[in-house]
Amino acid sequence: MTPDFIAINIEDQRWMALGFEVLAVQVCEATLRHLAIDPQDFEISLLACDDARIADLNADFRGKPTPTNVLSWPSEDRARAGKHPHKPAADPHGMAAELGDIAISYDTCTAEAGAADKPIQDHVTHLLIHGVLHLLGYDHISDQDAAIMQALEVEVLGKLGICDPYRI
């Protein structure tokens, strides 16, 4: 059974062979806890899809009609240029506050993992961390923001036993 903090919709059944639900829960929870955010105070919606679906979403929301690995839609803008974003506030009435939505494409993820000669689970872990950080207001538009976001990705990956993907 999936914990209350994450709603997972698996559209592409190839994700099932990776144990996607268990992986997604572990990764999203680890990312939030690393930032001292209680997952039970928040809600994330996660779509595990294919390239056709993510290309449609990318076209609709970003004007780019091509597949991508992961997309994120934060529920609110928490970003602060060059700084860590504002932490999300828990609902004062005890309801789970929405952090936002993430979509991830099986086709692009497996192609990228193959090209980088890394296990698909490790690459998906990295992309899920990346997506959750976007929901929290982290970005990589400027070099300074990218450095902050990448450092957090590497820290969470390390806690999960995965090497730094940015090391050459």
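Read the figures in this text as sums done on the coordinates, not as results from a lab. Small disclaimer: the values here were computed from a predicted structure and weren't measured.
Legend: P(r) of the range 6-159 from all alpha carbon pair distances, 10 Å bins from 0, whole percents, reading 11, 41, 38, 10, 0. Note: relative contact order over the range 6-159, using C-alpha pairs below 8 Å and six or more positions apart, is 27 percent. With contacts taken as Cα pairs under 8 Å and at least 6 residues apart, the range 106-159 reaches a relative contact order of 25 percent.
Close amide H contacts of ALA7 (hydrogens built in the peptide plane, cut-off under 5 Å, sequence separation of 5 or more or a different chain): ILE44, SER45, LEU46. A straight Cα-to-Cα reach below 27 Å connects LYS83 with the lysines LYS159, residues fewer than 8 places away in its own chain not being considered.
For LYS118, nonlocal amide neighbours, meaning residues 5 or more places apart or on other chains whose placed amide H falls under 5 Å from its own, do not occur.
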